[in-house]
1. Quickly work out the Val273-to-Glu244 label distance, labels modelled 7 Å from Cα along the C-beta direction, and quote it in nm with one decimal.
2. Roughly how big is segment 159-226's charge dipole about its Cα centre, with Cβ charges of +1 (Lys, Arg) and -1 (Asp, Glu), in debye to the nearest 20?
3. Going toward the positive end of the dipole of segment 31-349, with +1 on Lys and Arg Cβ and -1 on Asp and Glu Cβ, which of Leu298, Gly119, Pro150 do you reach last?
4. Where in segment 380-454 are there trypsin sites (Lys or Arg not before Pro) that are in a DSSP coil and have at most 15 other Cβ atoms within 10 angstrom of their Cβ?
5. Could you work out the relative contact order of segment 211-358? I mean the mean sequence separation of Cα pairs under 8 Å and 6+ apart, divided by the number of residues, in percent.
6. Checking the a/c ratio against 1.5 first, then a/b against b/c, what shape does the Cα gyration tensor give for segment 176-319?
7. Antiparallel as a % of all DSSP beta bridges within segment 199-293, to the nearest 5?
8. Could you give the C-alpha radius of gyration of segment 31-349 expressed as a fraction of 2.2 N^0.38 Å, taking N as the number of residues it contains?
Amino acid sequence: MKRIFKHSAALFLSAAIIISCLSIAFASQSPELTLSSISDMHYMPREFIGSPNGYNYRHYIDSDCRLAQYSDEILDAALDNIIASGTEYLLISGDMSLSSQLQSHKNIASKLREARAAGVKAYVIPGNHDISMGNEGSPAVAPAYVVDEPGGTVTVAGVEYAQDRRISVEGTTKSQFAQIYDGFGFGSDSTVIARDTTDANSLSYVAQLDDSHRLIAIDASIYNGELFSSSQALEGDLLEWVKEQISDCIAAGDTPIAMMHYDLIEKYKGQSVLMGPNFLNNHNKIAAELAGCGLNYLFTGHSHANDISSFTAGGNTLFEICTGGLLLYQSPVRYVRFTGGDAEFQTRWLESIEGIPDYDNFCKTFFRASVRTVMRHRVIIDVSEILARPLSKYISYEKAHEITLGLMQEIIDYLLDMKLTENVSLCNVLEEAYYQHYYGDEIYPLEIKEAIANIKNGDAFDKALPVVINAIGNNTGVSKLLSGVSPELEAAINKTISTAVTSLLSDILGFSLGSFVENIFIDPAPSDNNIIIINGCAYNSASGEQETFGGDIQAAIIKRIFEILMPIIEALFGF
């Protein structure tokens, strides 16, 4: 016992000494700059929500359970906390609006002006939800939701909603965005020392924060004139402009701090394949060039998760600091203290918002129950509609949709309730994943790790596939449907169903299970919330241990899925 005590005491003392040394080393440098970071607030004006339980509204936001109906309360609480913290600057890395509503930006800018009057200067950059999509010359429009008949309801996939409908309201053009955020990196902002004048025609800019730090705000969105094209890139003249600004900053003796909405550095190996639309093309090449220029810090959002990743090139390490979505789990805010080229990061979460004093418990309850909500909207409803369309060539769409909706409900309900261990279901694992993913430091209980292992080794798929195939037969009534029809029609229906099933199994088992397990669940460097970076090396703030971000997470799960699925599909459908 004494030996154990001495050993534990020695470890504790060693950690304390390391942390003390790091703190002393960090504090000994100068000058100092403080800032905070939020992202992906997805603000929605209250007047644009016909009912918080409206079907069309919920179907839009429930793909990841954003708390858009609390937009004002959450943003107000976050800004109050940021002001109280004493930080000088606030970085907002895009997706401020839920979906490009002009009124969203007007409301946000008003709140930012109040924060500026209280001592916090904000800088913004657009994301993919901030400027209306369309072709050049098209009007800028955005969605809103209204209820025509109060009390009207509609039941979809077994859940009752208020009956609402989607309408169009005024959206936001690129010029309007810059006008509304005048003083926050745009318009008359006297701190801006450079703007993008390349053919990329982006809203990128450089701001001098103090005598030793510059902000390089990168707008990687591609536009059709005044409207967003729905794609993004950092290449050609714009990339050269960004590299030139980094070099100029370093030559002046300043520390460059960059901000961009989109993902650049993988949090795990293979992420850019499984979540390709989130990433810039040639992201590794871009990361290498930015790191090679001497950039150490890049603030991003887009992935809605607190995560830190890194890329080293030319002897320099670039850290990407992704801040979780403000309207998601417990609304994270990052606080950063820069001392010369070093930085200390702390993440704090909202404890209360107006009307919800125990916001922590509210979020835990809400997001722990969100898995079935997400799967209902992402898979049951959406996939059933997709599968019903080709079948409607042979039977009515209503009948086809009835079949596919029942099919999807049976499959998803089974998969979610499927036991991976004696006490842990797939739904339990996904609930833990949502919590850990949004929170940041992914540290899983042993029983969850054991359940994840049973997914990774294929045991879960072996149990699930017969049930899935049986559900297809039960809900489609294929034998009854095909009896008495011509061989040509039978072959056409068989081909349609087989194609749908291939897509169905690939999507549900490959994406919903495989990508969650291999990508969100396991983080090789779990210290994503509180770290210190000194001389390009990252240390855990609590333990003092050095962190290595990124990692080689196995991608063999995708191959395993197809090895299991293809023989079954070939046997069933003969192709």
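1. Here the modelled spin labels are 3.8 nm apart.
2. Values: 5 positive and 11 negative charges, 27 e Å.
That gives segment 159-226 a dipole magnitude of about 120 debye.
3. Selected residue: Pro150.
4. Details: sites: Lys393, Lys399, Lys419, Lys449; in loops: Lys393.
Answer by residue number: Lys393.
5. Details: 261 pairs, mean separation 26.0, N = 148.
Reported relative contact order: 18 percent.
6. Working: a/c = 1.69, a/b = 1.14, b/c = 1.49.
Since a/c reaches 1.5 but b/c is at least a/b, the shape of segment 176-319 is classed as oblate.
7. On the way: 7 of 14 bridges.
Within segment 199-293, antiparallel bridges account for around 50 percent of the total.
8. Details: Rg = 19.4 Å, N = 319, 2.2 N^0.38 = 19.7 Å.
Normalised Rg, Cα atoms only: 0.99.
Just so you know, all these numbers are worked out from the coordinates, no wet-lab data involved. Just so we're clear, the structure is a prediction, and the values are computed from it rather than from any experiment. Glycine gets a Cβ as well: all are built from the backbone with ideal geometry, and neighbour counts include every protein chain shown.
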